[in-house]
Structures are given as structure tokens and as C-alpha cells.
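Enquirer: Below is a structure I'd like to ask you about.
Readers should treat all values here as calculations from the given coordinates under stated rules, not as data from a laboratory. Computed from a prediction, not measured in an experiment: that's the story for all the values here. Backbone-built Cβ (ideal geometry, glycine too); neighbour counts: all protein chains shown.
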Amino acid sequence: MPDIFQLIKLSAHAKRLDFLLIGGHAVNAHGYTRTTLDVDLLARDSQRAEWKKFLAEKGYQLIHETTVFAQYDPPTREEMNLDMMFVDEPTFAKLNAGRQMLTVGTTVLPVAGVLHLIALKLHATRSKDRAAEGTDFYDIVNLVRMHQIDISSPTFHEILERYASESIRQRLLTELGRSSV
């Protein structure tokens with residue numbers, strides 16, 4: 001099976017396509033191992049056309065697209081689906097400034113920093129389907145625990161206020177408060 005992470009790193013780098021790994025593989029790279037069946041990347045919206053061309057050249061087929069997301073089927077069944085999230089320049093610059101270079105499989109990739117990843121996960125929980133599924137919630141809980149993030153810090157509270165719904169915010173604080181006692 002081709003290594004999608006190596007493909008993305010080498011080919012995207014050669015074409016000067018910027019990206020950050022987000023989603024389940026980013027959670028894994030930050031130390032909390034869980035199963036994930038796709039690869040999620042965050043990229044500059046200004047490079048969307050170049051990404052589409054690059055992925056088409058590699059055999060990926062666009063199956064769904066919105067103003068922010070694009071989903072791709074891989075060239076073969078043995079490979080993982082690819083989901084792209086496109087953001088504006090200021091958002092990409094902010095997340096890119098906080099990136100960490102982490103090992104994913106055998107490849108070192110730019111991965112969203114843990115607090116930015118938590119913010120992205122919180123934003124995802126605003127979707128009723130994603131909130132009901134619970135994966136994002138437990139990703140957040142486990143990242144906070146593993147990285148010993150101070151849940152009483154102003155930075156963490158700012159992230160909660162900005163990205164979490166009231167119900168998720170209360171549920172998180174309850175869950176995380178139990179673990180710190």
C-alpha cells in the first residue's frame with residue numbers, strides 16, 4: 001500500500017502546497033492513539049485549485065465539495081480517503097505558526113499544535129452528528145489529559161468560549177474536573 005503521508009509530504013512540498021495534518025492522525029501524532037479511516041489536511045484556500053490538480057494527478061477523485069471542505073476517494077481501496085479543509089490566509093498563518101513537526105507512520109509532517117487541534121475538534125462538535133458520535137469529545141478529553149493542559153488557564157477558557165457550544169463546554173469541564181481531583 002502506498003504511504004499517503006510520504007506521498008503528500010514529498011509531492012506537496014515539490015509543488016509548494018502548504019498543509020497541516022489535522023483530524024484523527026493528528027490526534028495520534030500527539031500521542032493519543034485511536035482508529036481513523038481517513039486523512040484530514042488543512043490547507044490555504046488560495047491553493048485549492050492547485051490541490052485539486054495535484055490530487056487528481058495522484059488518482060484521487062473528488063466526491064464532495066463545499067466552500068470549506070473537499071472529500072476525495074483514493075485511487076485504490078487499500079488507501080485512505082482524504083478530507084481537505086480550506087481556510088483563509090490569516091487562519092492558516094495562525095495555525096501554521098503553532099504547528100509541530102511530528103512523526104506519522106514513518107514520515108515527519110507538519111501537524112496542528114495541540115491547542116489548535118483542540119479548537120478544531122471543538123468547532124467540529126458544533127455539528128449535531130459529530131457531537132452525537134462522541135469521537136471529537138473524547139479526542140479533546142484525552143489530549144488535555146495527555147498534554148496536562150491547565151483547564152483553568154485563560155488560554156483554554158478562551159478556546160472553550162470561542163469554539164465550544166455551552167453543552168459541550170459544560171460536559172468537558174465536568175469530565176476534566178473529575179480527572180484532576
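Enquirer: From the helices alone, meaning DSSP H stretches of at least four residues, give me the mean residue ellipticity at 222 nm for the chain, per-run term -39500 (n - 2.57), in deg cm²/dmol to the nearest 500.
Expert: Numbers: 9 runs with 84 residues, N = 181.
The helix-only estimate for the chain comes to -13500 deg cm²/dmol at 222 nm.
Enquirer: Please sort by residue number the GluC sites (Glu not before Pro) in the stretch 1-99 whose DSSP state is loop and whose Cβ has at most 13 other Cβ atoms within 10 Å. Show your work: numbers first, answer last.
Expert: On the way: sites: E50, E57, E65, E78, E79; in loops: E78, E79.
Passing sites in the stretch 1-99 are E78.
Enquirer: In straight Cα distance, which lysines are under 30 Å from K58, not counting same-chain residues fewer than 8 positions off?
Expert: Counting by Cα, and skipping residues close in sequence, K58 has these lysines nearby: K9, K15, K94, K121.
Enquirer: Any idea what the relative contact order of the chain is, in percent, if you count C-alpha pairs under 8 Å spaced at least 6 apart? Don't jump to the answer; show the numbers that get you there.
Expert: On the way: 250 pairs, mean separation 36.3, N = 181.
Contact order relative to length: 20 percent.
Enquirer: As I understand it, the dipole of the chain uses +1 on the Cβ of Lys and Arg and -1 on the Cβ of Asp and Glu, about the Cα centre. Which of H147, A29, Q6 lies farthest toward its positive end?
Expert: So the residue we want is H147.
Enquirer: For the stretch 114-181, take N as its residue count and report Rg(C-alpha) divided by 2.2 N^0.38 Å.
Expert: Numbers: Rg = 10.7 Å, N = 68, 2.2 N^0.38 = 10.9 Å.
Normalised by 2.2 N^0.38 Å, the Cα Rg of the stretch 114-181 equals 0.98.
Enquirer: For the stretch 15-57, what relative contact order do you get, as a whole percent, if you take Cα pairs closer than 8 Å and at least 6 residues apart? Before the final figure, lay out each step's value.
Expert: Details: 36 pairs, mean separation 18.7, N = 43.
With pairs under 8 Å counted, the relative contact order is 44 percent.
Enquirer: Loop only by DSSP, 11 or fewer other Cβ within 10 Å of the Cβ. Give me the GluC sites (Glu not before Pro) in the stretch 99-176 that pass, ordered by residue number.
Expert: Passing both the DSSP loop test and the Cβ count: no residue.
Enquirer: Follow-up question, since we're still on this one. Quick one: putting +1 on the C-beta of Lys and Arg, -1 on the C-beta of Asp and Glu, what dipole do you get for the chain around its Cα centre, in Debye to the nearest 20?
Expert: Details: 21 positive and 23 negative charges, 44 e Å.
It comes to approximately 220 debye.
Enquirer: Additional query: Take the Cα coordinates of the chain, assign each an equal point scatterer, and use the Debye formula without solvent to give log10 I(q)/I(0) at q = 0.11, 0.13, 0.17 Å⁻¹.
Expert: -0.48, -0.67, -1.11
Enquirer: Pick out the long, greasy-scoring helices in the chain: whole DSSP H runs spanning 30 Å or more along their own axis by Cα, mean Kyte-Doolittle at least 1.6. Display every interim value, and only then the final one.
Expert: Details: long enough: none.
Helices passing the filter in the chain: none found.
Enquirer: Then there's this: Kindly state, to the nearest 0.05, the FRET efficiency for M101 paired with D129, given R0 = 35 Å and r defined as their beta-carbon distance. Before the final figure, lay out each step's value.
Expert: Working: r = 32 Å, r/R0 = 0.92.
So, using R0 = 35 Å, E works out to roughly 0.60.
Enquirer: Would you kindly state the longest site-free stretch of the chain, with sites defined as trypsin sites (Lys or Arg not before Pro) in a DSSP loop (not H, G, I, E, B) surrounded by at most 14 other Cβ atoms within 10 Å? Walk me through the numbers on the way to the answer.
Expert: Values: sites that count: K15, R16, R34, R77, R126.
Longest gap between qualifying sites, sites excluded: 127-181.
Enquirer: Projecting each Cα onto the charge dipole of the stretch 36-94 (Lys/Arg +1, Asp/Glu -1 at the beta carbon, about the Cα centre), which of A93, M80, V68 comes out farthest on the positive side?
Expert: Final value for the positive-end residue is A93.
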